[in-house]
Amino acid sequence: MHSISEKPISPTEGYARQHAALNLWLVNVALGIAIGTAYLRYLPDELSLRAWVFVGFGLASSVATLALVPAALFWLSLRSLGRPEWQGLAQAAVGAVFLAMVKVDTVVFGLLRYHFFSTAVFNVALTQGSEDAVHLEGQVWWTVLIVLLLSTIAEFLVWRFMYRRALGRSVPEELSGWLLTRPRWLMRPGAIWAVVLLLVVGVERTLFAAADWEGDREVANAAEILPGYSRLGVAELLPEKLAREVLGTRAVDFRPKGEPLAYPRTWPSLDPDGPRPNVVILVVDSWRGDHLNGDVTPKLLALSREGRRFEDHISAGNGTRFGVFSMLYGLHGCYWFSALRERRSPVLLDVLEQAGYERAVYSTASMNFPEFRDTAWVGCSETVFDDHPFEAVFARDLEVARLFRLDLERRAEQSNPAPFFKFVLLDSAHQPYSSPGAGPFQPAAKTLDYMELANNHSSELALRVFNRYRNALHFVDGVAANIIESLRVAGELDSTLVIVTGDHGEEFQENGFWGHTSNFTPEQTEVPFFILGGGMLPGVEHRPTSHIDLAPTLLEILGADPALRGEWCLGQNLFAPLATRQRVVSGWEHVGLLTEEGIFRVRMGGRSVTEIDVFDSNWRKLPGALALIGSRAAALEELADSCQRFLAPPP
């Protein structure tokens, strides 16, 4: 072993350091598995022996595989740090962070049913502006720091015990010459444990592949609880054509995320003599569908009666990026990843620019997260106003309303102003639910403690958090109404189409979850939606509609040809919706098909029937999933087609 220490390391010293490092790593793997047993509470009550064996091997495999990262850092410390104490301290700190991350993953999974070790969470951690979406109180950070410090001390004591114990021994004779002649290898027990790890991985992978081959959904469902688990089914191992021949109708083809776009297929052209109304899209973050009412949002309810209200409307996504994306692009949220990769703006915004519209965005939350500056607003980033000198979210909402009003006053000074498109996002009703004062709904939680939410599912806590949310929404009701009133005062309302809606819903343990992004239930996907101004006649629409219908509706009002709608979007016209419809919702890893039989959840990139689950409206898995999937085979094929229609053909 090469070192920066001044004197060569003796075989006994080298053996002791490596022995301590290996054993500390094994201790961390064992503790990680012990912490990971918290996932087992989310398994169904009745589970077959094969599924239990898979879960046991799978948990050990997943934790040990994740622990390869600290193993690499342990090895690096052996190679780069000279003093054994520094090596031990570095390894102790790495081990403490690893165990903390496993613990955090169990908390995240308890809240949202997806893992901290996922691309969704790493996107939050690595994207500038995510602090506007995820708020953690200072107490949380202090708790984390104290736990990490104590864990590091404990790990160092374990390392020192292992090190001194090995140092007191003589180097085994069979290893002495080997250490001198092969210094780049770890000691022989490390190779033994590597073989053990490979056997564990081999067993769980074999069990998963066998279950996938047989269409055993029980094992596939059990895999969802495993942190960082990478599914590898039969369909992924076989070429596409052979997979279909072998699996027959059980093969489902969904292209992976981020594939190249072919969007649009044809550009919509506007009637040069068509109307050019102003457009304002006013989005209230986390506004669930049943909260356009006289108690929580009385002002917006009164305004909705002036226009057309859509009573059966969904967001098309269970998070901001997918809800807003679907509304502006007219596409399912699964296209988000491709649009972000290619920095592709929506056809709606491009056509409005060509038609001479001024475009501006007023947002309480950062438009860097989600990455709308690299997608929806890539063509108008210079008129995105999202940097406000206030810490409190409710104060930033008020600032957004002020900036909107000032822009209308500036416009009034122009002799012949161009039509405008304005997008407004108010964020107070997003977690942690911000409002000034106590609010009318009591008792209300004073703060949002995520550790408490993960471990306390009592109805009393749910009520307090729900009231905190309703107080925030009641505050936003006034801010949003003032924005619309400023259009009326400026004399612009009659010439402006104002779309008022939410980006997604919000859940408070109705189906066992907090917040959003975790399922496709009505609480998380249904949102209020109404249009007023611009000569809109009052009325109520009861037929099913979706956010993907907004973009085609706006362009067809401006004179785009409805016959070409399918060349650039997947939506319908809001003023001529279908009487019955199977609507699509999107999340980070899945798309959902809403049907009368249930909610079909399909993993993006999946090619096997085990990648499809069927839930009822309370997010309970329905029995007889294979039969239900067979009965909806045509609809699922249509879903797969719609998720690939605007992707470039594979090479």
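The values are calculated or read from the model by the stated rules, or taken from the named source; none is laboratory data. The shown structure was predicted, so the numbers you read here are calculated from the model rather than taken from an experiment. Positions of Cβ are backbone-derived with ideal geometry, glycine not excepted, and every protein chain shown enters the neighbour counts.
Summary table
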{"quantity": "Subset of the stretch 99-119 [in contact with a Ser or Thr (Cβ under 9 Å, 6 or more places away or on another chain), surrounded by fewer than 19 Cβ atoms within 10 Å (Cβ to Cβ) and in a helix (DSSP H, G or I)]", "calculated": "ALA100, LEU111"}
{"quantity": "Residues (modelled with pLDDT under 95, of a type in the set (A, V, I, L, M) and in contact with a strand residue (DSSP E or B) (Cβ under 7 Å, 6 or more places away or on another chain)) located in the stretch 428-477", "calculated": "LEU453"}
{"quantity": "Scope the stretch 548-588; condition among the charged types (D, E, K, R) and surrounded by fewer than 17 Cβ atoms within 10 Å (Cβ to Cβ); matching residues", "calculated": "ASP561, GLU567, ARG581"}
{"quantity": "Near pairs, Cβ below 9 angstrom, 6+ apart or cross-chain, from the stretch 38-53 (farther than 18 Å from THR206 by Cα) to any residue that is part of a loop (DSSP other than H, G, I, E, B)", "calculated": "TYR39/LEU226; TYR39/PRO227; TYR42/ARG113"}
{"quantity": "Some residue of the stretch 408-421 being farther than 17 Å from VAL361 by Cβ, hydrophobic (A, V, I, L, M, F, W, C) and without any contact (Cβ under 8 Å) to a residue 60 or more places away in the chain", "calculated": "no"}
{"quantity": "Boolean, GLY535 is more than 25 Å from GLY587 (Cα to Cα) and part of a helix (DSSP H, G or I)", "calculated": "no"}
{"quantity": "Selection within the stretch 208-229 - out of contact with any Ser or Thr (no Cβ under 8 Å at 6 or more places or on another chain), modelled with pLDDT under 85 and within 15 Å of GLY606 (Cα to Cα)", "calculated": "ALA209, TRP213"}
{"quantity": "Cross-chain or 6+ apart pairs with Cβ under 8 Å, the stretch 291-315 first and under 13 Å from GLY502 (Cβ atoms) and in the same structural domain as LEU473 (by TED's automatic domain parsing), then assigned to a loop (DSSP other than H, G, I, E, B) and among the acidic types (Asp, Glu)", "calculated": "SER315/ASP503"}
{"quantity": "The stretch 299-357 - residue that is among the polar types (S, T, N, Q) and assigned to a helix (DSSP H, G or I) and, of those, nearest to the chain's Cα centre (by Cα)", "calculated": "THR320"}
{"quantity": "Among (1) more than 20 Å from VAL296 (Cβ to Cβ); (2) touching a Phe, Trp or Tyr at 6+ places or on another chain (Cβ under 9 Å); (3) in a strand (DSSP E or B), the one test that LEU497 misses", "calculated": "(2)"}
{"quantity": "Only listed residue being free of Cβ contacts under 8 Å to residues at least 12 places away in the same chain and of a type in the set (Asp, Glu), chosen from GLU382, GLU358", "calculated": "GLU382"}
{"quantity": "Index of the failed condition, ASN618 passing every other in (1) under 25 Å from the mean Cα position of the chain (by Cα); (2) over 30 Å from LEU301 (Cβ atoms)", "calculated": "(2)"}
{"quantity": "So GLY505, is it assigned by TED's automatic domain parsing to the domain that holds THR297, surrounded by fewer than 23 Cβ atoms within 10 Å (Cβ to Cβ) and in a loop (DSSP other than H, G, I, E, B)", "calculated": "no"}
{"quantity": "Among residues of the stretch 110-146, those that are at pLDDT 85 or above and touching a helix residue (DSSP H, G or I) at 6+ places or on another chain (Cβ under 9 Å), counted", "calculated": "0"}
